[in-house]
Amino acid sequence: MKFPDAAGASAALPPGTAGAVDHIGIAVTDLEAGVRLYRDLLGLELERIEEVPTEKVRVAMLKLDRAGALGHLELLQPTASEGAIAKFIAKRGPGLHHIAVAVIDIEAVMAACAAAGLELLDRTPRTGAGGRRVAFVHPKSTGGVLLEICAPAPGGIA
Ligand code: CO
C-alpha cells in the first residue's frame with residue numbers, strides 16, 4: 001500500500017501533503033470491546049493489532065472501508081498508567097482522541113505549521129503505529145482537535 005502521489009492528486013495540494021485522512025484515533029479502556037463494536041457489530045475490517053511500546057498503547061487498526069487501503073480507525077488502549085492515552089482517559093474518559101492527516105514530507109508540513117504559528121508538540125517526528133513517522137499539533141492551535149501529522153514509515157507502510 002502506498003500513499004497517493006501528491007503531485008498527481010491535485011495541483012492545489014500544499015507542499016508535502018497527501019490530501020487524505022490517515023486515521024481517526026479513539027482512546028478505549030478495552031481494545032477487545034472496541035473490536036467487537038466496530039468489527040463484529042458494525043462490519044469494519046480489523047487489519048491488525050499491535051503494541052506501540054514508545055506510546056504505551058495497544059493499537060487495533062480497522063479499515064474505514066473495506067475497499068480503501070489508507071483510512072483507519074485507530075483504537076488505543078493504554079498499557080501503562082503514565083502514557084498519554086492513559087492520562088487522557090483518566091482526565092476525560094474514553095472517546096475521540098485525535099485525527100491524523102497523511103503527509104508525504106513530514107518535515108515540510110511541520111515547518112509550514114510552525115511558520116503558521118501552530119504549536120507543535122514534537123520538534124522532530126516520533127515513531128507511531130505501523131512505523132509511521134508522526135508529529136502532533138496542540139489542540140489549542142487547531143480549534144480543539146489534537147492533530148497528528150502522519151508520514152509513511154521509512155521503507156513503506158506496514
Ligand atoms: Co494516531
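Structure above, values below:
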{"read-out": "Projected label distance in nm at ASP122 and ARG92, using a 7 Å step from Cα toward the beta-carbon", "value": "1.9"}
{"read-out": "CYS150, CYS113 arranged by Cβ crowding within 10 Å, fewest neighbours leading", "value": "CYS113, CYS150"}
{"read-out": "C-alpha long axis of helix 106-115 to longest principal axis of the chain, angle in °", "value": "80"}
{"read-out": "Ellipticity estimate at 222 nm from DSSP helix runs (n ≥ 4, -39,500 (n - 2.57)) divided over the chain, nearest 500", "value": "-4500 deg cm²/dmol"}
{"read-out": "GNM result for the chain, Cα springs below 10 Å: residue of LEU73, LEU64, LEU37 fluctuating most strongly", "value": "LEU37"}
{"read-out": "Positive minus negative residues near PRO53 (Lys, Arg vs Asp, Glu; Cβ under 14 Å)", "value": "-1"}
{"read-out": "Flagged links, alpha-carbon separation over 20 Å, of LYS56/LYS87; LYS87/LYS140; LYS56/LYS91; LYS56/LYS140", "value": "LYS56/LYS140"}
{"read-out": "Local electrostatic count, GLY71, Cβ distance below 13 Å [Lys/Arg +1, Asp/Glu -1]", "value": "-3"}
{"read-out": "Ranking of LYS87, LYS63 by count of other Cβ atoms within 10 Å, fewest first", "value": "LYS87, LYS63"}
{"read-out": "Charge context of VAL109, other residues only, Cβ under 15 angstrom, K/R +1, D/E -1", "value": "-2"}
{"read-out": "Average Cα contact separation per residue, the chain, under 8 Å, 6 or more apart, as relative contact order %", "value": "24"}
{"read-out": "Percent antiparallel among DSSP beta bridges (both partners in the chain, rounded to 5)", "value": "75"}
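Since every read-out is calculated from the coordinates, none of them should be taken as a lab result. No experiment lies behind these values; they were computed from the predicted model shown. Every residue, glycine as well, gets a Cβ built from its backbone with ideal geometry; the counts of neighbours run over all protein chains shown.
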